[in-house]
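Take a look at the structure below.
Bear in mind that the values in this text are calculations on the coordinates, not laboratory data. These numbers were taken from a predicted model, which means no experiment stands behind them. Cβ sites come from the backbone with ideal geometry, for glycine too, and all protein chains shown count toward neighbours.
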C-alpha cells in the first residue's frame with residue numbers, strides 16, 4: 001500500500017483497507033493469514049509532518065504447540081510513527097524507526113514493510129488451542145483433549161525416584 005502525500009489533507013485523515021498474505025510478502029512458514037488483514041489507519045498531517053497511527057487485525061491459522069490441532073487465532077498489532085518531509089538530506093544514522101525524515105521530492109510512501117514487520121512481531125512464539133490443552137500421549141500419540149488412552153505412565157529411572165517423590169509432595 002502506497003500512501004500519496006498529496007492526497008492527505010491538513011488535519012486528520014482516516015483510511016481503511018485490506019492487505020492479503022501475498023501483498024504483504026508473508027511466507028506461509030512465517031505467518032498464514034486466513035483472510036486479508038484489516039488495516040485501520042489515522043494520519044494526522046501538519047504541513048510536511050505526517051503522524052501515522054495504524055491498527056492491524058487478522059486471523060491466523062497455526063498448529064497448537066501441544067496437540068498439533070490446526071486452530072485460528074486473532075492477531076492484532078499497532079504501530080505509530082512520524083514521517084517528516086524535509087529538503088535537507090538526512091543521514092541514516094540520525095533517523096529512528098519511529099521518526100523518519102524523507103525527501104520532499106518523494107511523492108509516496110510504501111507502508112508494506114512496516115505492516116509486515118508489525119504482523120510478524122505480533123505473532124506469539126507458541127500457540128495453544130486452549131490454555132489447559134493436554135497435548136498428545138507420548139506413548140501412543142492420542143490427542144488427550146479428545147480421548148483417554150490406556151497407556152501406563154513411563155517407568156522412572158530409579159536414580160530419579162527421590163525427585164519424583166518431591167513432585168508428589
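So for each of 40-50, 54-64 I average, over its residues, the number of other beta carbons within 10 Å; can you give me the resulting order with the highest mean first?
54-64, 40-50
Could you give the nm distance between label points at residue 6 and residue 86, where each point is 7 Å from its Cα heading toward the beta carbon?
Each label point lies 7 Å from its Cα, and together they span 2.5 nm.
Quick check on the exposure proxy: order 34, 1 from fewest to most C-beta atoms within 10 angstrom.
By the 10 Å Cβ count, ascending, the order reads 34, 1.
Give, to the nearest whole percent, the P(r) tail of region 1-97 beyond 18 angstrom, counting all Cα pairs.
59
On the principal axes of its Cα set, how long, how wide and how thick is region 57-169? Give whole Å, largest value first.
The principal-axis extents, from largest down, are 74, 32, 20 Å.
Would you mind telling me the antiparallel percentage of the DSSP bridges in region 17-169, rounded to 5?
Percent antiparallel among DSSP bridges in region 17-169 is about 85.
Given a cut-off of under 8 Å on Cα pairs at least six residues apart, what relative contact order in percent is computed for region 60-156?
In percent, rounded to a whole number, it is 29.
For region 2-133, what relative contact order do you get, as a whole percent, if you take Cα pairs closer than 8 Å and at least 6 residues apart?
Once divided by the residue count of region 2-133, the mean separation gives 25 percent.
I'd like to compare 107-117, 10-20: which one has the highest average count of other Cβ atoms within 10 Å, and what's the full order after that?
So the order, starting with the most tightly packed, is 107-117, 10-20.
For the chain, what is the calculated [θ] at 222 nm in deg cm²/dmol (nearest 500), taking -39500 (n - 2.57) for each run of four or more DSSP H residues and dividing by its residue count?
-3000 deg cm²/dmol
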